[in-house]
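Data first, discussion second: the structure below is written as structure tokens.
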Amino acid sequence: MKQTSAFHFIPQFNASQLSFDDVVESVKQHINSLSENKQKKLKDELENGLANLTTKEQLDMYISSYGEIHRQKLQIAYDRIPHKVWSEGSISVVDYGCGQCIAEMVLSDFLKNHYIDNHST
């Protein structure tokens, strides 16, 4: 287990097998495989991130276009959570991302990076 001076409590959680980077890379590969016209159409359908997404391709375009921005904001927020929160029992995650689950994926990565030594076993 990874030991850091800031985090001494090891929470119990089920980490995702895929990282958010894996998801972003996968959707970017898919989007890049589409024609430029299709990419432009999908980007326009997002309505600057405000549209209701109704297809997998729209979701892929959304994550490809906005996923990294959301991750950066979430990582800053998670880094600012007081350390005692992680050791005082359970936490609840309410993700108002309307279905993309970005906050939960980034939180899983955050917890893996701070609490799990991925190089052991």
TODO: Please tell me which of these pairs span more than 27 angstrom C-alpha to C-alpha: K84/K112; K38/K73; K38/K112; K28/K112; K41/K112?
DONE: K38/K73; K38/K112; K41/K112
Task: Sequence of V106, V23 when ordered by accessible area, the most exposed leading, probe 1.4 angstrom - done: V23, V106
Open item on the list: How large is the accessible surface of M105 in square angstrom, using a 1.4 angstrom probe and rounding to the nearest 10?
Closed with: 50
TODO: Would you mind getting me the FRET efficiency between N48 and S90? Use the beta-carbon distance for r and R0 = 41 Å, nearest 0.05.
DONE: 0.70
Open item on the list: Let me cross-check V94: its accessible surface, 1.4 Å probe, with only protein heavy atoms counted, in Å² to the nearest 10?
Closed with: 100
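The values are calculated or read from the model by the stated rules, or taken from the named source; none is laboratory data. Please read all numbers here as calculations on a predicted model, not as lab measurements. Note that each Cβ is placed from the backbone with ideal geometry, even for glycine, and that neighbours are counted across all protein chains shown. Calculation scope for accessible area: heavy atoms of the full protein, side chains included, ligands and nucleic acids excluded. Shrake-Rupley method; radii C 1.70, N 1.55, O 1.52, S 1.80 Å.
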